[in-house]
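In what follows, a structure is listed as structure tokens, so that the remarks can point back to it.
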Amino acid sequence: MDMKETLRAFFQEMVLPELKDIKETLVRHEERLNSIDKRLDDINTHLVDQSRRIDDTNERIDELRESLNARIDETNKRIDRLYDVIVRRDEHQSLSQKVERLEERVSALEQKLAA
């Protein structure tokens, strides 16, 4: 029995305190891991929210791009119509000037013939 008592005393003095320290350390590490897991979950939630916001922003940008393209197309059509009007006006002025010159020439010819 003396050996049994010696082993028991050894375990109580050496091994059990060491096991207690290991257990306390393990509990602290588990608490830290749980804390880290919670923080990672919070970060993931935040990232998902940010991703959703980015998607919403991209959607709005696409809608604005489509709207701006439509407005640009409409403006280009209006510019084309304006160009047509300006060209017609220039052509009209040119034709008016040609008619006036022709009238002057006809008048000059009529005067020559009358004389």
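The values are calculated or read from the model by the stated rules, or taken from the named source; none is laboratory data. Values in this document were obtained by computation on a predicted structure and should not be read as measured data. Note: ideal-geometry Cβ built from the backbone for every residue, glycine included; neighbour counts use all protein chains shown. The area values use the complete protein model at the heavy-atom level, side chains included, leaving out ligands, DNA and RNA. Shrake-Rupley method; radii C 1.70, N 1.55, O 1.52, S 1.80 Å.
What the table shows:
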quantity	calculated
Enumeration of residues in the range 76-98 that are among the hydroxyl-bearing types (Ser, Thr, Tyr) and either open to solvent by less than 100 Å² (accessible area, probe 1.4 Å) or touching a helix residue (DSSP H, G or I) at 6+ places or on another chain (Cβ under 6 Å) (or both)	Ser94, Ser96
Enumeration of residues in the range 99-115 that are open to solvent by 80 Å² or more (accessible area, probe 1.4 Å) and in a helix (DSSP H, G or I)	Glu100, Arg101, Leu102, Glu103, Glu104, Arg105, Leu109, Glu110, Gln111, Lys112, Leu113, Ala114
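This table checks each residue for (1) modelled with pLDDT under 95; (2) open to solvent by less than 90 Å² (accessible area, probe 1.4 Å); (3) assigned to a helix (DSSP H, G or I).
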{"site": "Gln12", "(1), (2), (3)": "yes, no, yes"}
{"site": "Asn34", "(1), (2), (3)": "no, no, yes"}
{"site": "Thr57", "(1), (2), (3)": "no, yes, yes"}
{"site": "Arg60", "(1), (2), (3)": "no, no, yes"}
